[in-house]
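As structure tokens, the structure follows; a few thoughts come after it.
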Amino acid sequence: MTTIRKTILITAALLTALAARADEGMWLPSLISERIADMQSKGCRLSAEDIYSINQASLKDAVVLFGRGCTGEMISPDGLLLTNHHCGFPQIQKHSSVDHDYLRDGFWAMNRSEELPNEGLSVSFLVRMDDVTSRILKGCTPDMPEARRKEIVKANSDELIAEATAEGKGLRATVEALYYGNQYFLFLYREYTDVRLVGAPPSSIGKFGGDTDNWMWPRHTGDFSIFRVYADKDNNPAPYSPENVPYHPAKFLTISTAGVQEGDFTFIYGFPGRTQEYIHSEGVRYVANVSDPAKIALRTVRLGIQKKYMDADQKVRIQYASKNASVANAWKKWQGEARGLRKLQTVKVKQDYEADFSRWAKGSSYEGLTEKIAGIYAELEPLMFAAEHYNETARAVELTQFAGRIASALKSTDASLRDKISLQAASFYKDWHLPIDRETFICLMEAFDKSLSEEHKPLWFKDKLLKHGSISRWSEHIFSETIFTDSSRVASLQSSDTLLVDSDPAVEFAVEFGKWYASEILPELNRLNGSLQLAYRDYMRGQMEYSADPSTPSRPFYPDANLTLRVAYGNVKGYSPSDGIYFRPYSTLKGIIEKDNPQIYDYNIPQRLRDIYASRDFGRWTTPEGDVPVCFLATNHTSGGNSGSPVLNADGQLIGINFDRVWEGTMSDIAFDPDFCRNIALDIRYVLFTIEKIGNAAWLFDEMSVIE
């Protein structure tokens with residue numbers, strides 16, 4: 001099929017999706033003109049140009065990719081930025097110590113000179129996105145070998161990226177495949193690297209409820225942090241310097257304190273991470289019945305070990321706060337995802353769809369395609385299982401992974417890597433606790449040995465286990481003989497120590513496991529995933545043709561999320577998770593007080609908040625019901641990466657910050673269900689209340705545009 005024919009087909013499919021059921025979809029902003037009529041019919045009062053424009057300032061200019069996995073939004077003309085507390089958590093944690101415990105106490109700059117720089121943190125503003133399908137596929141033919149096609153796509157992409165990034169300072173670009181390579185878009189960003197911490201509530205607010213409340217409703221988490229973007233005197237990106245000045249965005253968001261009511265139109269602008277809406281039934285079966293349960297079990301072990309030591313020692317709690325949150329986040333999500341997929345019977349729904357598709361495809365180029373995909377998955381499954389176990393076990397041992405990185409740095413021809421060893425050591429040992437890592441090693445590697453077939457275990461692993469007799473004794477050998485438990489020794493390593501390091505048992509563990517993965521698992525994974533990608537490209541195109549046929553059911557088509565800017569829209573709405581239960585879509589400060597428990601770390605709120613509630617000193621943040629709003633639910637389609645995304649009202653004003661989904665709807669990365677899929681947003685009024693009443697940082701209001 002020609003490139004032009006493919007593009008016409010995709011466009012037709014997108015237009016067909018205008019009749020899609022409400023609220024599902026993550027839409028490209030540059031194509032939002034195709035959705036704007038539907039948005040307006042549901043209450044939106046904006047034009048397509050208000051949302052996305054390259055000719056004038058638009059809402060896209062107020063939204064940033066925060067770091068490499070979250071979203072943030074500009075809320076002042078002087079570079080003030082909001083995102084989630086959990087998105088800023090690594091930076092807050094790095095600035096914390098026993099003497100200055102910003103995780104426990106919060107952090108609030110009282111003027112700009114007190115704002116804290118963050119090495120390695122960046123924010124990226126989207127300059128524009130362009131459909132470059134014809135340019136990227138120039139030189140490709142339908143009968144071309146896949147390897148040659150990849151070479152041409154890469155060469156054309158590299159050329160296009162070089163052209164785009166030559167246009168100005170601080171530009172970076174990516175070319176992303178959509179619809180499994182049936183369409184390509186260029187995304188051009190301007191990246192700023194001087195980003196400073198301005199404010200963060202104590203974790204007892206910003207992480208209130210901890211892992212217990214994570215992914216759950218009702219939610220009462222004040223999940224926000226505040227940063228400021230800095231630039232050079234010409235408003236261009238620049239490395240950190242005391243001479244830099246606050247960045248002046250082309251657009252910043254107006255804040256509305258009018259509040260939300262059930263049924264109100266809302267939309268989210270952000271960078272969702274990854275979805276698989278068009279995945280084959282065998283892919284769903286593997287996720288729901290094999291992959292998720294196995295990974296949940298492994299992370300349950302890790303979390304239990306970490307909690308035991310964190311509960312016993314404040315220093316360890318600080319050291320592992322960010323790590324523990326990272327491990328727990330996916331762990332809880334996978335539980336809801338697997339449960340949701342089973343509840344919706346997604347495997348059977350997919351199988352029924354594939355059977356109908358196969359009947360329709362007889363006699364066409366798509367005949368036998370779903371069976372072919374199933375065959376590829378059958379070969380892939382044991383390899384994916386081995387790869388996931390490697391990532392969740394051997395690669396989860398902190399000391400051995402660190403040892404492997406240092407060994408590589410010592411051998412590097414890049415002198416700067418060798419020179420940074422002492423800095424890497426300081427960073428690693430600051431947040432490492434040997435008893436946790438040693439116990440984790442034993443439990444995870446025992447699970448690895450038990451779960452994998454003999455065929456897929458490394459020969460080296462089996463030899464070591466035979467030599468030492470047990471995982472426990474092998475662990476004793478590694479942790480007692482390695483030099484990497486000695487921080488001062490590691491910090492002083494030189495290139496002349498290469499032989500010593502190479503023979504170190506911790507390095508050997510990392511290197512040998514890495515060799516096994518690189519030589520025995522990855523090549524076959526790549527080969528089979530390449531075949532799967534090619535089959536999915538045809539299947540995606542076939543699904544669009546199938547849907548466009550008047551004799552078959554139509555369905556919505558939108559590109560799977562890939563951490564590029566998207567718009568999702570819906571309305572404020574509660575839900576019923578099970579018979580006899582209905583959750584209203586709001587939570588309030590009253591609920592925080594009801595959960596407050598000084599004996600439980602995750603529910604021990606600041607005394608200041610208790611005092612405010614007791615005196616009803618809510619000020620201008622009081623609702624007509626005499627409370628303070630905290631969170632709300634809506635039906636916007638979100639995913640990982642949408643953390644920190646602005647939740648906007650019908651006029652494009654900021655009413656909340658997205659930070660989670662409800663547990664019953666976490667399967668929305670694969671199957672969106674309008675009855676259960678809800679995003680959880682922090683009400684902007686609770687953000688402002690916390691800034692003023694808890695942080696005493698109302699000076700920040702002077703630069704915000706707040707409509708009361």
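The values are calculated or read from the model by the stated rules, or taken from the named source; none is laboratory data. No experiment lies behind these values; they were computed from the predicted model shown. With ideal geometry, Cβ positions are generated from the backbone for all residues, glycine too; neighbour counts draw on all protein chains shown. Note: areas computed on protein heavy atoms with side chains; ligands, DNA, RNA excluded. Shrake-Rupley method; radii C 1.70, N 1.55, O 1.52, S 1.80 Å.
Descriptive notes on the structure:
- Residue satisfying all of: in the range 368-416; among the polar types (S, T, N, Q) and surrounded by fewer than 20 Cβ atoms within 10 Å (Cβ to Cβ); farthest from the chain's Cα centre (by Cα) among these: 413
- Scanning the range 582-622 for residues that are more than 30 Å from residue 677 (Cα to Cα), open to solvent by less than 70 Å² (accessible area, probe 1.4 Å) and aliphatic (A, V, I, L, M) turns up 609, 612.
- Breaking point among (1) under 32 Å from the mean Cα position of the chain (by Cα); (2) more than 28 Å from residue 254 (Cα to Cα), for residue 614: (1)
- All conditions but one from (1) assigned to a loop (DSSP other than H, G, I, E, B); (2) open to solvent by less than 40 Å² (accessible area, probe 1.4 Å) apply to residue 365; the one that does not is (2).
- Scanning the range 564-575 for residues that are assigned to a loop (DSSP other than H, G, I, E, B), within 18 Å of residue 634 (Cα to Cα) and open to solvent by less than 50 Å² (accessible area, probe 1.4 Å) gives a single hit, 574.
- Residue list for the range 194-248, restricted to those being hydroxyl-bearing (Ser, Thr, Tyr) and crowded, with 20+ Cβ neighbours inside 10 Å: 203, 204, 221, 225, 230, 247
Residue-by-condition table, conditions (1) assigned to a strand (DSSP E or B); (2) on the phi < 0 side of the Ramachandran plot; (3) of a type in the set (Ser, Thr, Tyr); (4) out of contact with any strand residue (DSSP E or B) (no Cβ under 6 Å at 6 or more places or on another chain):
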position	(1), (2), (3), (4)
216	no, yes, no, yes
221	no, yes, yes, yes
226	yes, yes, no, no
234	no, yes, no, yes
250	no, yes, no, yes
253	no, yes, no, no
266	yes, yes, yes, no
274	no, yes, no, yes
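- One residue stands out among those in the range 290-313 that are part of a helix (DSSP H, G or I) and out of contact with any helix residue (DSSP H, G or I) (no Cβ under 8 Å at 6 or more places or on another chain): the one that is farthest from residue 441 (Cα to Cα), which is 312.
- Being farther than 18 Å from residue 173 by Cβ, among the β-branched types (Val, Ile, Thr) and open to solvent by 10 Å² or more (accessible area, probe 1.4 Å) is a condition met by at least one residue of the range 133-142.
- The condition of being open to solvent by 10 Å² or more (accessible area, probe 1.4 Å), at pLDDT 95 or above, farther than 22 Å from residue 231 by Cα and not in a loop (DSSP other than H, G, I, E, B) does not hold for residue 113.
- Qualifying residue in the range 381-391 (condition: of a type in the set (S, T, N, Q) and under 18 Å from residue 297 (Cα atoms)): yes
- Looking across the range 640-662 at every residue that is over 12 Å from residue 680 (Cβ atoms) and among the small types (Gly, Ala, Ser), the one that is most open to solvent (accessible area, probe 1.4 Å) is identified as 640.
- Checked against (1) under 20 Å from residue 227 (Cα atoms); (2) buried (at least 21 other Cβ atoms within 10 Å of the Cβ), residue 698 passes all but a single condition, namely (2).
- Residues in the range 420-462 that are within 14 Å of residue 513 (Cα to Cα), surrounded by 13 or more Cβ atoms within 10 Å (Cβ to Cβ), more than 29 Å from the chain's Cα centre (by Cα) and not charged (D, E, K, R): 456, 458, 460, 461.
- The set of residues in the range 516-563 that are in contact with a Pro (Cβ under 8 Å, 6 or more places away or on another chain) and either open to solvent by 60 Å² or more (accessible area, probe 1.4 Å) or among the aliphatic types (A, V, I, L, M) (or both) comprises 520, 561, 563.
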